[in-house]
Amino acid sequence: MQLDERKLTILNAIIRNYLETGEPVGSRTISKYTDLNLSSATIRNEMADLEELGYIVQPHTSAGRIPSDKGYRLYVDAMMAQKDQEVREMKELLLEKEEKMEQLLKNAAKALAVNTNYASMVTAPSVKGNKVKFIQLSRVDAHQLVAVIVAEGNMIKNNMLTIPEPLDDETLLKLNMLLNTYLNGLSIEEINLNIITKMKQQAGIHSDIVSEVIDAVAAAIQEGNDLEIYTSGTNNIFKYPELSDQHRASEIISTFEEKQMLQGLIPQTSADEETGIRVYIGEESPISSMKDCSVVTATYELGEGMKGTIGIVGPKRMDYEKVVDTLKDLMQQLERIYTSKKK
């Protein structure tokens, strides 16, 4: 028998409440837990039908109900189907968006260099304090699982886990529910020892899998924060006599070629709240090879906590007003283009 929408809503409410509390769930709790606006008597009747159909059970007389294995199966199958679809859609969108974003940022770096006659850099956006959206464990073979981790900004990472013994469907379902119940909406900093201990206790003999998934979450988020940096206009350095001698120019160009050395220009704290712009003059520069330069950086934001950095490197006598105006204009353009692509 296929459950109607009302029964499905009540069953989902029972399962979610039971996952959160570990206590049998009564009709009064369900009436407060959902927006069905049903009386306790009506909910009791629906719960009786669900029990008769084998989706919930009453552990003892006068107690509320708890999900049966059949109930868990329906809940998790529906949840996994939804998550599978979400992952597929996000992967397709992200692949398209990443390709367009990469070209957009390369073009932005080139335009900055052409418009200012200085060297430029643009970092791809990343998410700070990234949070888990959901996790899905799926069987690859008898001794391997794949953990699909989706974080804010729709960042998706896959991680292979090796298991000593095969897991049956029921165990895999319950591990998925355990992981999502505890970890959804948390950043890696918020996944503390108390949460990990509770999860391991509930996982029992499969606590090692919980540990591996948490490690995978941490690695995925850290990998997601590894920056891609696009540069342009390094040859413009030779246009300025004070920077063009062999030693100075070589140091600056090497920094741009290494790219990861430019991470020193990425602010670790918020820039000026109003403009998002920082100006480093000479010795103020956080990168030693740029002590004879001026550096102006701006932080752009694309929503969902995604932020990146734009930077201009030139002589101390650079046209600061033009540089600041150019950066402000580019920040607005990036935000506008990104917003239009989402629609």
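The values are calculated or read from the model by the stated rules, or taken from the named source; none is laboratory data. Quick caveat, the model's predicted, so the values are computed rather than measured. We place every Cβ from the backbone using ideal geometry, glycine too, and count neighbours over all the protein chains shown.
Kindly check whether there is at least one residue in segment 297-311 that is at pLDDT 85 or above, of a type outside the set (Ser, Thr, Tyr), more than 16 Å from THR231 (Cα to Cα) and assigned by TED's automatic domain parsing to the domain that holds LEU330. No: zero hits.
Entry remark, segment 35-68: residues being buried (at least 18 other Cβ atoms within 10 Å of the Cβ), under 18 Å from ARG6 (Cα atoms) and not aliphatic (A, V, I, L, M) number 4 in total.
If the condition is being surrounded by fewer than 16 Cβ atoms within 10 Å (Cβ to Cβ) and closer than 25 Å to ASN184 by Cα, then segment 17-34 contributes GLU20, THR21, GLY22, GLU23, LYS32.
In segment 1-16, how many are at pLDDT 85 or above and either part of a helix (DSSP H, G or I) or buried (at least 18 other Cβ atoms within 10 Å of the Cβ) (or both)? Matching residues across segment 1-16 total 11. Please determine whether any residue of segment 175-185 is in contact with a His (Cβ under 7 Å, 6 or more places away or on another chain), surrounded by fewer than 18 Cβ atoms within 10 Å (Cβ to Cβ) and touching a residue at least 12 places away in the same chain (Cβ under 8 Å). Within segment 175-185 (the criterion being in contact with a His (Cβ under 7 Å, 6 or more places away or on another chain), surrounded by fewer than 18 Cβ atoms within 10 Å (Cβ to Cβ) and touching a residue at least 12 places away in the same chain (Cβ under 8 Å)), the answer is no, since none of the residues qualifies.
Restricting to segment 95-124, name every residue that is at pLDDT 85 or above, of a type outside the set (S, T, N, Q) and in a helix (DSSP H, G or I). Spell out how you get there, then give the answer.
Start the filter on segment 95-124 by keeping residues that are at pLDDT 85 or above, which leaves 105-123.
After this cut, where a residue has to be of a type outside the set (S, T, N, Q) as well, the list is 105-106, 108-114, 118-119, 121-122.
Selection gives LEU105, LYS106, ALA108, ALA109, LYS110, ALA111, LEU112, ALA113, VAL114.
Kindly indicate whether MET160 is part of a helix (DSSP H, G or I), surrounded by fewer than 21 Cβ atoms within 10 Å (Cβ to Cβ), modelled with pLDDT of 80 or more and not assigned by TED's automatic domain parsing to the domain that holds THR255. No: the conditions fail for MET160.
Any residue at all in segment 44-60 that's outside any helix (DSSP H, G or I) and at pLDDT below 85? Yes, that holds for at least one residue. Being touching a strand residue (DSSP E or B) at 6+ places or on another chain (Cβ under 6 Å) and modelled with pLDDT of 85 or more is a property that holds for GLY233. The C-beta contact set for segment 101-115 (first residue more than 12 Å from GLY311 (Cα to Cα), second residue polar (S, T, N, Q) and in a helix (DSSP H, G or I), distance under 6 angstrom, 6+ apart or interchain) comprises ASN115/THR326. Of the residues making up segment 305-330, those that are among the aliphatic types (A, V, I, L, M) and either surrounded by fewer than 23 Cβ atoms within 10 Å (Cβ to Cβ) or part of a helix (DSSP H, G or I) (or both) are MET306, MET318, VAL323, VAL324, LEU327, LEU330. Each residue in segment 177-215 was checked for being under 13 Å from the mean Cα position of the chain (by Cα) and either at pLDDT 90 or above or assigned to a helix (DSSP H, G or I) (or both), and 2 of them qualify.
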